[in-house]
Amino acid sequence: MRILVIEDEFHLAEALTQILRKNNYTVDTVNDGGSGLDNALSNIYDLILLDIMLPEMDGISLLKEIRKKGIGTPVILLTAKGEISDRVIGLDSGADDYLPKPFATEELLARIRAMSRRKGEVLQDNILKFGDIELNPSTLKLSGKNKEVKLILKESQLLELLILRKNAITSKELIIEKLWGFDAEVEHNHVEVYISF
């Protein structure tokens, strides 16, 4: 799962990035609303964590803009503004969830897992299934009938993407955008190498 963090507090942004990466998420982080809007409009993210009080463009304006452009990526607002009226404004502006600061890491991770369940299949214990294989993206373990293999992160992310898109054609361009990012200098043969693995 690729997550965009839009947070202007550098220490919090760095902490969120480290926590998410430790939990096997791919993370891009920006620290202002203008850059956040540019990244969000690329439509390569599976989830956006968005602060409301940002320089250049506030989070609510950013959220309204991406919804106006037809971007349906789930958004969790992370903000110090925790009043009921603030939550109502955030949710009515297009947010899918609202988490006031300070928050517990476990709750944030649980909300991210809940958002991923809303996108499609309900996952039991965070397990993705396809045919006779099971993938646990949290532990990077792939299981078959009589065998279990520990994958590296990119292999797990690739397999997760393909399982989630099992009824659709997945282009090399989409794989590159989802796994490495739209501005990465990755060639098509990188995808072929990971498919081969």
Exercise for review: Return a yes/no flag: does segment 97-117 have any residue that is in contact with a Lys or Arg (Cβ under 8 Å, 6 or more places away or on another chain), acidic (Asp, Glu) and closer than 21 Å to Ile19 by Cα.
Suggested key: yes
Check your understanding: Quick one: how many residues across segment 176-197 are over 19 Å from Asn24 (Cβ atoms) and open to solvent by 80 Å² or more (accessible area, probe 1.4 Å)?
Key -> 8
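Yes or no: Asn39 more than 16 Å from Gly94 (Cα to Cα) and open to solvent by 20 Å² or more (accessible area, probe 1.4 Å)?
On the way: more than 16 Å from Gly94 (Cα to Cα): yes; open to solvent by 20 Å² or more (accessible area, probe 1.4 Å): yes.
Yes; evaluated as a whole, the condition is true for this residue.
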Review point. When Ala104 is evaluated against the numbered criteria (1) under 15 Å from the mean Cα position of the chain (by Cα); (2) loosely packed, with under 14 Cβ neighbours inside 10 Å; (3) of a type in the set (A, V, I, L, M, F, W, C), which criterion, by number, is the only one it fails?
Key: (1)
Study note, to complete from the structure: Filtering segment 71-96 down to residues that are charged (D, E, K, R), over 18 Å from Leu54 (Cα atoms) and surrounded by 13 or more Cβ atoms within 10 Å (Cβ to Cβ) yields Asp96
Review point. Which of the residues that make up segment 108-120 are at pLDDT 90 or above and in contact with a Leu (Cβ under 7 Å, 6 or more places away or on another chain)?
Key: Leu108, Arg111, Ile112
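Yes or no: segment 46-69 includes at least one residue that is more than 18 Å from Thr105 (Cα to Cα), open to solvent by 10 Å² or more (accessible area, probe 1.4 Å) and within 11 Å of the chain's Cα centre (by Cα). Let's see the steps before the verdict.
Of segment 46-69, the ones more than 18 Å from Thr105 (Cα to Cα) are 46, 52-69.
Adding the requirement that they be open to solvent by 10 Å² or more (accessible area, probe 1.4 Å) leaves 46, 52-58, 60-61, 64-65, 67-69.
From what is left, the residues that are within 11 Å of the chain's Cα centre (by Cα) are 46.
Scanning segment 46-69 turns up at least one residue that is more than 18 Å from Thr105 (Cα to Cα), open to solvent by 10 Å² or more (accessible area, probe 1.4 Å) and within 11 Å of the chain's Cα centre (by Cα).
The values are calculated or read from the model by the stated rules, or taken from the named source; none is laboratory data. The shown structure was predicted, so the numbers you read here are calculated from the model rather than taken from an experiment. Here the Cβ is made from the backbone with ideal geometry for all residues, glycine too, and neighbour counts use every protein chain on show. All accessible areas refer to the heavy atoms of the entire protein, side chains included, with ligands and DNA or RNA removed. Shrake-Rupley method; radii C 1.70, N 1.55, O 1.52, S 1.80 Å.
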